[in-house]
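Quick notes on the structure that follows.
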């Protein structure tokens, strides 16, 4: 089998501009001479005086008339030059870096002989240059003006090219320059490169790299018969016959051909014996790998020299490795409930299915399996290649035979909230007696039939069952691959409720209490061992107890256990009140009980509205009856509390209204002491809890004014204040 894909083999990173040249417009051969100055991590060696008249420098900045062989211009001329590497992007690649100066002989700065060329052959000469000056240095008056010449050994110029002024660029740009020339019978030429700019002035410094000679000839056009491109992807050992075709334009009087291949992505090329025509038939797919093919062309006997040949563009062929044979059980069983197709056959990889072991017809993978039939599969890779060997698999299709039971289970509703956490896997043995089956659980019948992932119950061991969806559907797959669906339906039964609190009070005066678990249960069990509805606990046996009750629902029973504690209780004893008073409406009373109060109490000021908090707030001055009630029913106690208050003024004019100044409810504290002073601090009168002041001092009426007082109470607390006497 062959797969036909057109792939891009290489991707080139272009870091230079287009060439300013008279370069070859036909087809080129491989470089027959390439001067790239080498590579290294430090500076390169000097070229020698026979090649350049400039002075070599191995370190530091370059002065006028000096050059170096380096992999970077960094540090060679401060900020005046661009920092650049060689034009290929190789971090270790060398280039010739020149700080130009005045030279004799027209400014010739590079001369070198090139040998090994072919006579009667046209060559393309090219080289890469950069004006290395940085415009930020402010020296943009003078520019390099370079001329390339190629001469024969007698000095005859075979070709030349002048760059004109090479302008400065913002980032430093490599430019390729070149031209082509034709040799007669010579095999050696001389390269001469000169800079005709005023070399002694700053601004005309350059870098030179990658001087190459390539054979240049007619244009070679390549194609593959019946293909739209020149890239192929084929399978190993596939039987193919592709015709690689070439056409060559006019230019050679006697064109000769030699087909070549490369298995190292073009680093080296090998002639294919006997393939010397315009066409090549590609048939060899025996070895997997990536291959390049091309045809090289030369004029006449020059075909015998690789330095004389031009070459076509490359054909790319990828031979995909042949997959191994499939692995799988030769006899496989399926169930009618699967509606099995070829896709259900279990093999080690993707497969192509046939109706015979050899040759035969491909069968679509959606084809339904037939009981007793044998199917033949070859492994298929993602690229469409298939294994040479096929596996034979015979199928047996059976019908479901497992006996199943749909069941209804009774479950006690622990909290009587119509939901319950249940382990549905616990009922597998009731659904079937199959011990090696696979069980999975679903919320719908369709989900169970078709193994729909969205309907599967992920946590079957802790499934929250509810009365709105009472049925779980169980998919059971047996060893014969048959799947069947059974149902588990939940019946939630209310759990009995025991109406007992966490604490039960036993009044001291009663000596015992009867505890009732409630009427109508089928079974009672107390922690005391008793099995009656009620038990009696005396003051000698207070402590922790429990009771369990059971309700029978046919063969199923639900039970509840209640833990509680019997505590001793009594009527409260009020020790005192913590009263915050003296305000018009923001007073409070807090009830303080004695240590002998054992019960659980609630509090009221009207014996009707009770609260758990012993503190009453936002009270007016006055008399209050405080009630304390035992929640266990042991009784109520009460006592009086008083909130004191003093009048803000009085009018002693004998009209019977406010004629005397007295502390309200002071008579509830007979030992209370009140001292009255005038505004200057003179002591006027002392009162007790039952006396008042009539506004006189030593029988004389006191004038209308503000007067001050100090109240001292039984508990030693005191209050300072003032009031007004009005006349």
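The values are calculated or read from the model by the stated rules, or taken from the named source; none is laboratory data. Please read all numbers here as calculations on a predicted model, not as lab measurements. Neighbour counts are summed over all protein chains in view; Cβ atoms, including those assigned to glycine, are modelled from backbone coordinates with ideal geometry.
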Among the numbered conditions (1) out of contact with any helix residue (DSSP H, G or I) (no Cβ under 9 Å at 6 or more places or on another chain); (2) in the same structural domain as residue 142 (by TED's automatic domain parsing), tell me where residue 194 comes up short.
(1)
Checking the conditions here, which among 107, 89 is under 50 Å from the mean Cα position of the chain (by Cα) and assigned by TED's automatic domain parsing to the domain that holds residue 196?
89
Expected output for the range 687-704 (first residue surrounded by fewer than 12 Cβ atoms within 10 Å (Cβ to Cβ), partner at pLDDT 95 or above, Cβ below 7 Å, 6+ apart or cross-chain) is none
Name the strands (runs of 3 or more DSSP E) wholly within the range 407-457 that hold at least 1 residues that are free of Cβ contacts under 8 Å to residues at least 60 places away in the same chain and within 42 Å of the chain's Cα centre (by Cα)?
419-422, 438-442
Residue 531 being free of Cβ contacts under 8 Å to residues at least 60 places away in the same chain and in the same structural domain as residue 563 (by TED's automatic domain parsing)
yes
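Rundown of residues vs (1) on the phi < 0 side of the Ramachandran plot; (2) in a loop (DSSP other than H, G, I, E, B); (3) under 54 Å from the mean Cα position of the chain (by Cα), yes/no style:
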{"residue": "489", "(1), (2), (3)": "yes, no, yes"}
{"residue": "501", "(1), (2), (3)": "yes, yes, yes"}
{"residue": "504", "(1), (2), (3)": "yes, no, no"}
{"residue": "510", "(1), (2), (3)": "yes, yes, no"}
{"residue": "519", "(1), (2), (3)": "yes, yes, no"}
{"residue": "525", "(1), (2), (3)": "yes, no, no"}
{"residue": "528", "(1), (2), (3)": "yes, yes, no"}
{"residue": "531", "(1), (2), (3)": "yes, yes, no"}
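Could you check the range 689-706 and list, in sequence order, the residues that are closer than 16 Å to residue 653 by Cβ and not in a strand (DSSP E or B)?
Within the range 689-706, 692, 694, 695, 702, 703, 704 qualify.
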Counting only residues in the range 58-72 that are at pLDDT 95 or above and part of a loop (DSSP other than H, G, I, E, B), the one nearest to residue 99 (Cα to Cα) is identified as 72
Which strands (runs of 3 or more DSSP E) does the range 610-688 wholly contain that include 1 or more residues that are within 30 Å of residue 503 (Cβ to Cβ)?
615-619, 622-630, 636-643
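For (1) closer than 15 Å to residue 211 by Cα; (2) crowded, with 18+ Cβ neighbours inside 10 Å, each residue gets a yes or a no:
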residue	(1), (2)
73	no, yes
77	no, yes
90	no, no
105	no, no
116	no, no
124	yes, yes
137	no, no
